[in-house]
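Trainee: Here it is: the structure, laid out below.
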């Protein structure tokens, strides 16, 4: 298409709101590139964090690099949704991806872990808008019945990034340098070309009319109180296992967070339709139910899933990169389910059935995985992953579609961002709770592990002379070692390693059975929702 023709087409679509299929696809490529950056960044940084911390001499501060990004991206999500409804999604998405690119570049030149944490916070401010705004823009340019089909493409991007993240992170972290720059810094710098392509596509092809809001009041007090309410809870969710859930630090976080949430609700009530999260949305039973489901599913989904890569690394000796490859069956299941359910929803307009089937698949997957033991073959674990992927693929996009369909067009941005926000909060809570269950259960099995290892040594004292078993001669707490560095299990003699692998598999079983209860719990709510 010539430049003049492209400008004419853009002007026409801006005037009428009708975009050609070609324009829609170019916009989708830009949106998916932005989502890819946001989703990839979380998994790629996690894989390389050990290398980054060693290089910047800040191993003790590595948790804050993750926490800073989590806090700002979570808080920014509902703010982007509301501002997008007021000023237009196109401008907000351009701002979000520009902030993300800026944050990525300065992260690439950080000289200390605390600098990196601060720069990651800036990056998170941009990331908070990429996912929610992409789904909202899709709702602006695609009719309701077609959204599910296109959202399946978005989920495919999300799934692909979860596989590529550990691979890219491991590859770049293992490089000494590239073009004179330390390898791990390219984890952030590679976002620059991808982000600029996404930005160019959105600027060039996303031209849809924006209905001016009658009021442009910005809910600043809502912003302040949501920060006071959410930040302490996210911090304690990330740091609670280290602090202790009943420590004074944790109690202070609970109190401040509770006060902030109460203040936020009061402020939102006073602001009425101008609130960041307008309370009138909850008058819709469908929106209220999907929001509640989003929190519960987020807890069960992300909380239960957190054990899988740990099982692959500790029980099967996989590296983070290899664990990413081994998660491919789940990604295949998720992509297949999202594409198929999206097409059926587009053809029939019905989506409730996928909530039911998705919940059932996830519950069956967790119940099946709760029987896992350290002698299972990888293909047996993969069956559970496929089932989990089938459930995820049906649930994630269906909840978003239900939330969007439950509100008026003027509120679709805040509805989408709120749905994403509550699911993220549920996921953060789930990860914190289930990791605690996992490692507390493992700690309870410490005596059992010690007895099995002692019996193996008594049966064959030569095991301690084997250099592969050096970790067992240092009188260290093996349960604590597993949390920070489980590499000793890869080389240890089976007689000494297997009791630990068995105990970890049994501890993961507790997580999976707990996750199944959480996922099954909301099933009754689904039946009262419209089709």
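Trainee: Name the pairs whose Cβ atoms lie under 7 Å apart, with the first residue in region 164-186 and assigned to a strand (DSSP E or B), the second modelled with pLDDT under 80, and 6 or more positions between them or separate chains?
Mentor: Going by the 7 Å Cβ cut-off, the qualifying pairs are 177/183; 182/55.
Trainee: Name the residue, out of 192, 171, 196, that is surrounded by fewer than 19 Cβ atoms within 10 Å (Cβ to Cβ), within 27 Å of residue 305 (Cα to Cα) and not assigned by TED's automatic domain parsing to the domain that holds residue 327.
Mentor: 171
Trainee: Further question: Taking the condition of being under 20 Å from residue 71 (Cα atoms) and crowded, with 22+ Cβ neighbours inside 10 Å, how many residues in region 433-449 meet it?
Mentor: Residues in region 433-449 being under 20 Å from residue 71 (Cα atoms) and crowded, with 22+ Cβ neighbours inside 10 Å: 1 in total.
Trainee: To continue, here is another question. Report whether or not residue 277 is closer than 21 Å to residue 410 by Cα, modelled with pLDDT under 85, within 23 Å of the chain's Cα centre (by Cα) and surrounded by 21 or more Cβ atoms within 10 Å (Cβ to Cβ).
Mentor: yes
Trainee: Something else: Please give the number of the condition residue 98 fails out of (1) buried (at least 19 other Cβ atoms within 10 Å of the Cβ); (2) in a helix (DSSP H, G or I); (3) in contact (Cβ under 8 Å) with a residue 24 or more places away in the chain.
Mentor: Result: residue 98 passes all but (1).
Trainee: Return yes or no: is residue 448 without any contact (Cβ under 8 Å) to a residue 40 or more places away in the chain and farther than 15 Å from residue 514 by Cα?
Mentor: The answer is no for residue 448.
Trainee: Something else now. Looking only at region 354-384, count how many residues are in a helix (DSSP H, G or I) and without any contact (Cβ under 8 Å) to a residue 12 or more places away in the chain. So that I can check it myself, show each step before the final result.
Mentor: Just the residues of region 354-384 that are in a helix (DSSP H, G or I), to begin with: 354-369, 378-384.
When the remaining residues are screened for being without any contact (Cβ under 8 Å) to a residue 12 or more places away in the chain, the result is 379-380.
Count: 2.
Trainee: On to the next question. Consider residue 110 carefully, then state whether it is outside any helix (DSSP H, G or I) and over 29 Å from residue 274 (Cα atoms).
Mentor: In short, yes.
Trainee: Regarding region 287-306, can at least one residue be identified that is in a helix (DSSP H, G or I), free of Cβ contacts under 8 Å to residues at least 24 places away in the same chain and within 25 Å of the chain's Cα centre (by Cα)? Can you show your working first?
Mentor: Within region 287-306, the subset in a helix (DSSP H, G or I) is 287-305.
With free of Cβ contacts under 8 Å to residues at least 24 places away in the same chain added as a condition, the list becomes 288.
Those left that are additionally within 25 Å of the chain's Cα centre (by Cα): 288.
Yes, that holds for at least one residue.
The values are calculated or read from the model by the stated rules, or taken from the named source; none is laboratory data. Given the structure is predicted, the values throughout are model-derived calculations rather than measurements. Cβ coordinates were reconstructed from backbone atoms using ideal geometry, including for glycine residues, and neighbour counts include every protein chain displayed.
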